[in-house]
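Read the figures in this text as sums done on the coordinates, not as results from a lab. As the structure is a computational prediction, the values presented were derived from the model and not from experiment. Please note: Cβ atoms are built from the backbone with ideal geometry, for glycine as well, and neighbour counts cover all protein chains shown.
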Amino acid sequence: MNKNHLKILTNLAESRNYGQGAAHALQVSKLSLKIYDELVRLKLINDNPEDRVILEAAAVLHDIGHRKEPHHEVGFDFLADEIPKLTSSEPISKAALSTLLSSVLCTMRGII
């Protein structure tokens, strides 16, 4: 996953009002990346640019489907279908897509 994918997915989130507005999604992104950067600084994880992009994408997408119940399932199913379509010209690897969708699902359910 790369910055171009992130741009496509951010546009998707924006088109759906980030689920419940940009401010919340952007704050989740900011805090997630701050935690990631601190874990890297403390050498608790290795810095991986793709992981950082996946985390940022998951943060902006995590409330897609919010207005429907159960929103985590609605959002997950929508994203699992839509992301491969939107990135078909430059597909996201299966591993990265799986990590992204799992991260989104966990965030939607309040696990992380």
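What order do you get for 22-32, 38-48, 3-13 when each peptide is scored by the mean count of other beta carbon atoms within 10 Å, highest first?
Output ranking for 22-32, 38-48, 3-13: 3-13, 22-32, 38-48.
Specify which labelled value, from (i) 105; (ii) 158; (iii) 90, agrees with volume of the Cα convex hull per residue in Å³ derived from the coordinates of the model shown.
(iii)
In percent, what relative contact order does the chain have, based on Cα pairs under 8 Å that are 6 or more apart in sequence?
Relative contact order here is 33 percent.
Hey, rough spin-label estimate for K7 and F78, points 7 angstrom out along Cα→Cβ, what's it come to in nanometres?
So the two model labels end up 2.4 nm from each other.
List the lysines whose Cα lies under 26 Å from the Cα of K7, skipping any in the same chain that are fewer than 8 positions away.
Those lysines meeting the cut-off are K30, K34, K68, K85, K94.
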